[in-house]
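Worksheet: one structure, shown below.
Read the figures in this text as sums done on the coordinates, not as results from a lab. All of these numbers come straight from a predicted model, not from anything done at the bench. Here Cβ is always computed from backbone atoms with ideal geometry, including for glycine, and neighbour counts include all displayed protein chains.
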Amino acid sequence: MDELQASLLERIQQHDQVALAEVYDRYFDQIYRYVYYRLNNEPDVAADIACEVFLALVSSLKNGKPPRTSLTGWLYTVARNLAADHIKKKGKTVPLLDELVSDDPPLSEQAHWVQLLPSLKVALRHLTDEQQHVIALRFGEGMSLAETATLMDKTVGAVKALQHRALASLARLMPTEGEHD
Amino acid sequence: MIDPYELILDECISALQAGVPLEEILAEVPEFAHELRPMLYAATVLSNPNPVLLPTAQKTALRNKYMQQVAILPPLPMPTWSDKLHAAYHIMRRRLTRQAIFSDLATISMTAILTLLMSLAMLNYAANGALPGDLLYNFKRVSEQIQLSLTLTESQAVALQTQFNVRRLAELEQLIQLNRLAVVEFTGVLESQVDNVWIVEGYTLILPADIHIEGQPQEGSRIHVVAFLRVNKTLVADMIQVVQ
């Protein structure tokens, strides 16, 4: 945890309103991007959930149970849980992969994958919550392996393994060109 | 065990994020290209080069909602004595487990033993050069007695006693050189006996009238002497004992 984050954490534990405003201004966009990525194209819901993360921070202070060790770790964990709850509620409406596969003629491999982006994002929801979290942090937030490992309180090796399993599952879940020719 | 794919995959993702074209990356690892290709395509497509930002108006509205909650956040109450005692009680209660107590006792005991041993070693070193009448001289003698009590055989004890007696004579010599008064103790051969003046191990020993003598010392006997060293380099005997 960097010095600035440690100082913010200490100040918000003292209910410092300026620090709480600074936390919002500094981390809102990051949390919003993360939730947006996890929810896949639901900007309004993502914005509400991101705001809920920060309201949860205020509630935690009211209840005397504020984050103690890592501020960003706490924010991402709450965002992850809220996003997962939302996805769970919407579970029945998640389209099947086959429904998203286009019947257009085959394209080049790369164009084919780009065309499959919507179904790729749906395929993401077939991964475990932890795998989705790694993918969102690594590719959505552009975090390094070390940053992801710190946030998830895991080793770099464990994050590498999760990332590998997630991408391998995605590659398996995605329909190949031949399937929709 | 580390999966080789995990290492290669991560290197390929790093290269992708650095902007290296996918085909160029795959050409570097042709033996894994078939397996890596779909995963790297997925990674490329999933990467978010232009993150979506929330419209400013919506962001401001949400911020206002948050700040309203922040504004009604009650100030943190100052802890009372009761709170502090309660917190201290909880900390103590958490610490006072059997395991924690044993661990603390073990740490304290080890620290005390190590400190004691270190202190004794340092004191022993410092007392090595002490002469009779010095502050540390008694410690030096006690340390010698401990060494003697730790010997396992008679011959070891005799050898050690001889060594200590050599020390006593060297101390006597040093005291004479320094012209110091002191009570000394040594064992030596009685070389001559003329009335109340004896020569023991080359040193003149004057026997006062009330001297306490154990045994029947004769010329050639080994005797143990406790005497007072005077400034004129003579020794006034206090106790004489024949050594068997």
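According to the square roots a ≥ b ≥ c of the eigenvalues of the Cα gyration tensor, what is the shape class of the stretch B:20-89, taking rounded for a/c under 1.5, prolate for a/b larger than b/c otherwise, and oblate for the remainder? Since a/c reaches 1.5 but b/c is at least a/b, the shape of the stretch B:20-89 is classed as oblate.
Given axes a ≥ b ≥ c from the Cα gyration tensor, I'd like to know whether the stretch B:142-242 is rounded (a/c under 1.5), prolate (a/b larger than b/c) or oblate.
It is oblate, given that a/c is not under 1.5 and a/b is not larger than b/c.
Ordered by the number of other Cβ atoms lying within 10 Å of each residue's own Cβ, fewest first, A:87, B:72, B:146, B:240 fall into the sequence B:72, B:146, A:87, B:240. Spacing of the modelled spin labels on residue B:214 and residue A:128, each 7 Å from Cα toward Cβ, amounts to 8.4 nm. With the cut-off at 1.5 for a/c, could you classify the stretch A:111-161 from its C-alpha gyration tensor as rounded, prolate or oblate? Taking the square roots of the gyration eigenvalues as a ≥ b ≥ c, the stretch A:111-161 is prolate.
Please compute one quarter of the surface area of the Cα convex hull for the protein assembly as shown and express it in square nanometres.
For the protein assembly as shown, averaging the hull's shadow over all directions gives 41.1 nm².
Computed from point charges on the beta carbon alone (+1 for Lys and Arg, -1 for Asp and Glu), the dipole magnitude for the protein assembly as shown about its Cα centre is near 1820 Debye. Ordering B:151-162, A:54-65, B:124-135 by mean Cβ neighbour count within 10 Å, with the highest value first, yields A:54-65, B:124-135, B:151-162.
On a C-alpha basis, how far is the centre of the stretch B:151-227 from the centre of the stretch A:1-63 in Å? Whole number, if you could? Distance between centres, Cα-based: 89 Å. Across peptide A:7-20, the average count of Cβ atoms from other chains found within 10 Å of a residue's Cβ is 2.
When you have a sec, figure out the Kirkwood radius of the stretch A:1-93 from all distinct Cα pair distances and drop it here in Å to one decimal? Result for the stretch A:1-93 stands at 13.6 Å. Per-residue ellipticity at 222 nm, computed for chain B from helices alone with -39500 (n - 2.57) per DSSP H run of at least four residues, works out to -18500 deg cm²/dmol. Rounded to the nearest 20 debye, the dipole size of the stretch B:142-242 about its Cα centre is 300 debye, using +1 on the Cβ of Lys and Arg and -1 on the Cβ of Asp and Glu. Treating the stretch B:4-46 as a set of equal point scatterers at the Cα positions, no solvent, please give the Debye-formula log₁₀ I(q)/I(0) at q = 0.23 Å⁻¹. Normalising to I(0) and taking log10 leaves -0.68. Of the residues B:181, A:76, B:198, the one whose Cα sits farthest toward the positive end of the charge dipole of the protein assembly as shown, with +1 on the Cβ of Lys and Arg and -1 on the Cβ of Asp and Glu, is B:181.
Seen against the Cα atoms of chain B and their longest principal axis, helix B:33-46 is set at about 80 degrees.
Against the main long axis of the alpha-carbon atoms of chain B, helix B:154-178 sits at an angle near 80°. Put in order of Cβ neighbour count within 10 Å, fewest first, the listed residues A:75, A:117, B:207 become A:117, B:207, A:75. Shielding value for B:58-71 is 6, the average number of Cβ atoms from other chains within 10 Å of each residue's Cβ.
Computed over chain B, the alpha-carbon pair-distance distribution with 10 angstrom bins reads 6, 15, 12, 8, 8, 10, 8, 8, 9, 9, 7, 2, 0, each value a whole percent. What the pair-distance distribution of the stretch B:63-136 shows, using all Cα-Cα distances binned every 10 Å from zero, is 14, 17, 16, 16, 14, 11, 6, 4, 1 percent. Residue ranges A:39-51, A:158-170, B:164-176 sort as A:158-170, A:39-51, B:164-176 when ordered by packing (mean number of other C-beta atoms within 10 Å per residue, highest first). Fewest-first ordering of B:192, A:70, A:144 by other beta carbons within 10 Å of each residue's beta carbon gives B:192, A:144, A:70. Other protein chain C-beta atoms within 10 Å of residue C-beta, averaged over A:32-41: 2.
Tell me the relative contact order for the stretch A:1-91 as a rounded percent, counting alpha carbon contacts under 8 Å between residues six or more apart. Taking the mean separation of contacting Cα pairs over the length of the stretch A:1-91, I get 34 percent.
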